[in-house]
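Visitor: The structure that follows is given in the form of structure tokens.
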Amino acid sequence: MTPSLDQRFADAMGAALGPDFPTDIALAVSGGGDSMAMLTLAHNWTHTWGVTLWVVTVDHGLRPEAASEAALVRETCEELGHPHAVLHWRWDGQGNLMDAARRGRLDMIGRWRGRVGHVLLAHTRDDVAETFLMRLARGSGVDGLSAMAPMRQIHQPAPQRALAPEEVDGARPPAGGDPQRFEIVRPCLDMGREELRHYLRVLKGRWVEDPSNEDPRYDRARIRRLLAELAPHGLDAEGLAATAGRMARARDALKARAAEAWARCGRLDVTTGEMVLTRAGFEALDRDTQLRLLAASLQFIASAEYRPRAAPLEALLDRLLSGGAGTLLGCEARTGREELRLYREYAAVADLHAPVSSQALWDGKWLVFHENLAKFEVRALGEEGWRQAGCARESGTAHAVARALPAIWDGDQLLACDALGLGPGGTTALWPMGQEGLGFPSFLLSH
């Protein structure tokens, strides 16, 4: 006999967070059928475990219906007795809208959550199957075809801007906890979309259907329609999700092998941010592991969420293996006699500037601060800084590497650059290398 959805939810929560459950858990609820069912399941589950639920809805300001959908969630939370907040996100017009909305949603939830260290998302088996088909159409390999994980750790920059009053409407969890890390939990991955809606119908629950789910302008809507056509031929959501799960196991094994290879032949220079691989050790690796190490190194240097596309990544690897050099993802890579070196490309940071501050990261990874230099500016060293460095250029840091490093400036005058030994020292730290468990091996396993 198939267990009830309540039992399957309890089992998933136990596997993810039990047996010592946290006192507080957040739920991201949009008002759609999946997330409203998850809210009801979590509400029933708390009767047994007594966990406090904090519900949050992100209004992206993209559809006029969003406000009424958020109101539906708030009314339901009032009926169930759970605090609710609406976070107001607005697109700045930069980049891909859907990707920007997803990033913005996680960023705002991360800054709202306070002491709450776990946030539940209502991804389902259908989401896994649809993502599998979308990635298959793009020619993805093992990583792209792998199922999303039941748990995913999110790392946030150490300094974070607090949410403005106009960005939050409703309850906020108490402050505390780890401000830099929280975990996404997906307890509905083995549940079907229709199962969850049936659950709500039986309990007389309410939800709304997002019209964009049927809009053929969006990839996922087209794939959803295709999946319905494929199901009678044996390619249904359950089977595709199972395949994605097997791909995930293969991906994790390949990641572990890459981490072992890094331990043997790689190192990170925390002063310059360079990734260094011994040439002999790297060339002895199988091609998949080489590609993984190369892609993860580029991502780490560039603070990029996504790895490079397969074709340019393969092309760069071939150039490096033949003793050449190249650029990709805002990074440079060069093969020397004994080592391969990867570092930030100057062109990628030439226009970056920010005040010296303990509240911001430069280039997404450098914390640059000194109380005696707080009124000055952080910019890349560049050619002018290299010229002003004088004899400090003999420190051993290569010119190509040094140009892209953070330096502190007073107008046109160079004041400090730790990598060259200029200034008071201790002005620059590579984040998150100072944080326990957040070094490159952890990055390699989680990206």
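The values are calculated or read from the model by the stated rules, or taken from the named source; none is laboratory data. Every value quoted in this text rests on a predicted model; they were computed, and no experiment measured them. Positions of Cβ are backbone-derived with ideal geometry, glycine not excepted, and every protein chain shown enters the neighbour counts. SASA here: full protein model, heavy atoms, side chains in, ligands and nucleic acids out. Shrake-Rupley method; radii C 1.70, N 1.55, O 1.52, S 1.80 Å.
Visitor: In Å², what does the accessible area per residue of the chain work out to with a 1.4 Å probe?
Guide: I get 48 Å² per residue for this part.
Visitor: In Å and from the alpha-carbon atoms only, list the Rg and Dmax of region 36-76.
Guide: Both quantities, over Cα of region 36-76: 12.5, 38 Å.
Visitor: Kindly give the semi-axes, whole Å and largest first, of the ellipsoid equivalent to region 299-447, taking each as the square root of 5 times a Cα gyration tensor eigenvalue.
Guide: Square roots of five times the eigenvalues give 28, 19, 13 Å.
Visitor: Now a separate question. Could you let me know the centre-to-centre spacing of region 133-199 and region 232-288, using Cα atoms, in angstrom?
Guide: The distance from the Cα centre of region 133-199 to that of region 232-288 comes to 22 Å.
Visitor: Here's a follow-up. Placing +1 on the Cβ of each Lys and Arg and -1 on the Cβ of each Asp and Glu in region 46-150, which of VAL142, PRO64, ALA85 has its Cα farthest towards the positive end of the resulting dipole?
Guide: VAL142
Visitor: Just in region 130-223: which GluC sites (Glu not before Pro) are loop by DSSP and have at most 13 other Cβ atoms within 10 Å?
Guide: Loop-located and lightly packed - GLU209.
Visitor: Then there is this: Rounded to the nearest 5, what is the percent of antiparallel bridges among the DSSP beta bridges in the chain?
Guide: In the chain, DSSP labels about 75 percent of beta bridges as antiparallel.
Visitor: Take the Cα atoms of region 68-117, find their three principal axes, and give me the spread along each one in whole Å, biggest first.
Guide: 39, 29, 12
Visitor: Among ALA296, ALA221, ALA244, whose mean-square fluctuation peaks in a Gaussian network model of the chain (Cα, cutoff 10 Å)?
Guide: So, out of ALA296, ALA221, ALA244, the one fluctuating most is ALA221.
Visitor: Next question. Express in whole angstrom the spacing between the alpha-carbon centres of region 375-447 and region 55-98.
Guide: Computed from Cα coordinates, the inter-centre distance equals 41 Å.
Visitor: Inverting the mean 1/r over all pairs of different Cα atoms, compute the Kirkwood radius of region 1-139 and quote it in Å.
Guide: Result for region 1-139 stands at 16.4 Å.
Visitor: Using DSSP loop states and a limit of at most 16 other Cβ atoms within 10 Å to flag trypsin sites (Lys or Arg not before Pro), what is the longest stretch of the chain containing no flagged site?
Guide: For trypsin sites (Lys or Arg not before Pro) (loop position, at most 16 other Cβ atoms within 10 Å), the longest site-free span of the chain is 218-308.
Visitor: Now a separate question. Any idea how far apart ALA250 and VAL51 come out in nm if each label point goes 7 Å out from Cα toward Cβ?
Guide: My value for the distance between the label points is 3.3 nm.
Visitor: Given a 1.4 angstrom probe, I'd like the percentage of the accessible area of the chain that is carbon and sulfur, rounded to a whole number.
Guide: Result for the chain: 52 percent of the exposed heavy-atom area is carbon or sulfur.
Visitor: Give me the percent relative contact order of region 289-406, please, defined on Cα pairs under 8 angstrom at least 6 residues apart.
Guide: 19
Visitor: Using only the Cα atoms of the chain, what semi-axes does the equivalent ellipsoid have when each is the square root of 5 times a gyration tensor eigenvalue? Give whole Å, largest first.
Guide: 43, 28, 19
Visitor: Rg and Dmax of region 227-318, using alpha carbons, in Å: what are they?
Guide: Cα radius of gyration and Dmax of region 227-318 are 17.3, 58 Å respectively.
Visitor: Give the lysines whose C-alpha is closer than 24 Å to that of LYS375, dropping any in the same chain fewer than 8 places away, or say none.
Guide: LYS365
Visitor: Using helices alone, I'd like the mean residue ellipticity at 222 nm for the chain: each DSSP H run of four-plus residues gives -39500 (n - 2.57), total over residue count, nearest 500.
Guide: About -12500 deg cm²/dmol.
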